[in-house]
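*Asks:* Take a look at this one; I'll ask things after.
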Amino acid sequence: MAKAKQNSSTAAPVMSNGELMKRRIWRNKELYLLVLPVIIYYLIFHYKPMYGLIIAFQDYSPRRGISGSEWVGFQHFTDFFTGIYFGRLLRNTLEISLATLIFGFPAPILLALLVNELRSKWFSRITQTITYMPHFVSMVVLCAMIREFVKEGGLVTDILSSVFGYDGKNLLSRSAYFTPIYVITNIWQGVGWGSIVYLAALTGIDMELYEAARVDGANRWKQTIHITIPSIMPTIIIMLIMRMGQIMGIGHEKIILLYNEGIYERADVISTYVYRMGIMNRQYSFSSAVGLFNSVVNFILVIGANQISKKVSETSLW
């Protein structure tokens, strides 16, 4: 009895959550030091600039500054939603983004599956190297190449003329061809780089599953359907959820380098409109309001996709 009392009296005191956190941080201080530059980077270049979103609700003037500019509330949002370009911008953004999602998202998955089936290691490495290369080409150079290929007398135009009887005019002078050109070149540029994630996921599949399937008489196609794809499905779902956050966020650089006044009707999207209004027309508050609307919609899409995925597949970002 005395021994039990002695043990209870000498037991270690229960530490609070704060003390446990401090001890854990001190024990892994080297790891926290490694991640500290990344945290500082995001605080300075991603979170601190969010203060500037206030100008979306002001009639901002660089001379008066944020603190001295007049507050106008949701006036800029109302002007955008009721403007003559809102319908066109929303339609073009969704059309290009959904076409890129439907045709571009499966492309890296298919490439990873095909590379995974290659028997020759040297041919597999060559294939990966060739498909990775377009990712490292400058956007300016890439768009210059596209313009050369699709111009009157260009490589692609001549092929279409000889095979399908195309009249040979510049493809970028016709608005109907802008979305296919954008989507196809986007796939060509990013399919190799995007396949890296799925190739890494494929290396984590237990090879005993394939051996058991071969014993049961499954061919390569059935192994892919019943083992390979289900094994990388969590990775596919996570990448799809993250991709949903870019539905309204088409980059303006490539479109600006490709489009012209003749195809504004089909090529002008929200990001290019923000660029023109903010940089060229100096309507800082209005362009900030449009950009904020874009970001909010993307955020809602990510949240919704994550919740749906959590209920359907039990795979989610959080």
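*Asks:* Could you tell me whether any residue of the range 205-222 is in contact with a Ser or Thr (Cβ under 7 Å, 6 or more places away or on another chain) and part of a helix (DSSP H, G or I)?
*Replies:* The answer is no, given that none of the residues of the range 205-222 is in contact with a Ser or Thr (Cβ under 7 Å, 6 or more places away or on another chain) and part of a helix (DSSP H, G or I).
*Asks:* Can Val150 be described as of a type in the set (Val, Ile, Thr), closer than 21 Å to Ile130 by Cβ, in contact (Cβ under 8 Å) with a residue 12 or more places away in the chain and open to solvent by less than 50 Å² (accessible area, probe 1.4 Å)?
*Replies:* no
*Asks:* Just give me the residues in the range 180-196 being buried (at least 17 other Cβ atoms within 10 Å of the Cβ) and not aromatic (Phe, Trp, Tyr), in sequence order.
*Replies:* Once the filter is applied, which keeps residues that are buried (at least 17 other Cβ atoms within 10 Å of the Cβ) and not aromatic (Phe, Trp, Tyr), the range 180-196 yields Ile181, Val183, Thr185, Asn186, Ile187, Gln189, Gly190, Val191, Gly192, Gly194, Ser195.
*Asks:* Could you list all residues from the range 126-166 that are of a type in the set (Gly, Ala, Ser) and either touching a Leu at 6+ places or on another chain (Cβ under 9 Å) or not in a loop (DSSP other than H, G, I, E, B) (or both)?
*Replies:* Matches in the range 126-166: Ala144, Gly154, Ser161, Ser162.
*Asks:* Considering only the range 119-140, state which residues are of a type in the set (A, V, I, L, M, F, W, C) and surrounded by 10 or more Cβ atoms within 10 Å (Cβ to Cβ).
*Replies:* The answer is Phe123, Ile126, Ile130, Met133, Val137, Met139, Val140.
*Asks:* Moving on to the next point. Which condition does Glu95 not pass, out of (1) within 23 Å of Tyr273 (Cβ to Cβ); (2) in contact with a Gly (Cβ under 8 Å, 6 or more places away or on another chain); (3) open to solvent by 50 Å² or more (accessible area, probe 1.4 Å), if it passes all the others?
*Replies:* For Glu95, the exception is condition (2).
*Asks:* Could you tell me whether Ile250 is open to solvent by less than 40 Å² (accessible area, probe 1.4 Å), touching a residue at least 40 places away in the same chain (Cβ under 8 Å), within 17 Å of the chain's Cα centre (by Cα) and within 30 Å of Val312 (Cα to Cα)?
*Replies:* Judged against the criteria, Ile250 is a match.
*Asks:* Here is a further query. Looking only at helices (runs of 4 or more DSSP H) that fall completely inside the range 243-318, which ones have 1 or more residues that are more than 19 Å from Arg91 (Cβ to Cβ)?
*Replies:* 252-258, 284-312
*Asks:* Go over the candidates Ile66, Ile55 one by one and state the one that is among the β-branched types (Val, Ile, Thr), in contact with a helix residue (DSSP H, G or I) (Cβ under 9 Å, 6 or more places away or on another chain) and surrounded by 15 or more Cβ atoms within 10 Å (Cβ to Cβ).
*Replies:* Ile55
*Asks:* Limited to the range 279-318, what total is found for residues that are farther than 30 Å from Thr235 by Cβ, among the aliphatic types (A, V, I, L, M) and open to solvent by 40 Å² or more (accessible area, probe 1.4 Å)?
*Replies:* Summing the residues that are farther than 30 Å from Thr235 by Cβ, among the aliphatic types (A, V, I, L, M) and open to solvent by 40 Å² or more (accessible area, probe 1.4 Å) in the range 279-318 gives 2.
*Asks:* Being in contact with a Phe, Trp or Tyr (Cβ under 7 Å, 6 or more places away or on another chain) and without any contact (Cβ under 8 Å) to a residue 24 or more places away in the chain narrows it down to one of Gly73, Gly65, Gly83, so name that one.
*Replies:* The match here is Gly73.
The values are calculated or read from the model by the stated rules, or taken from the named source; none is laboratory data. Please read all numbers here as calculations on a predicted model, not as lab measurements. Cβ coordinates were reconstructed from backbone atoms using ideal geometry, including for glycine residues, and neighbour counts include every protein chain displayed. To get the accessible areas, we keep the full protein, side chains included, count just its heavy atoms, and leave off ligands, DNA and RNA. Shrake-Rupley method; radii C 1.70, N 1.55, O 1.52, S 1.80 Å.
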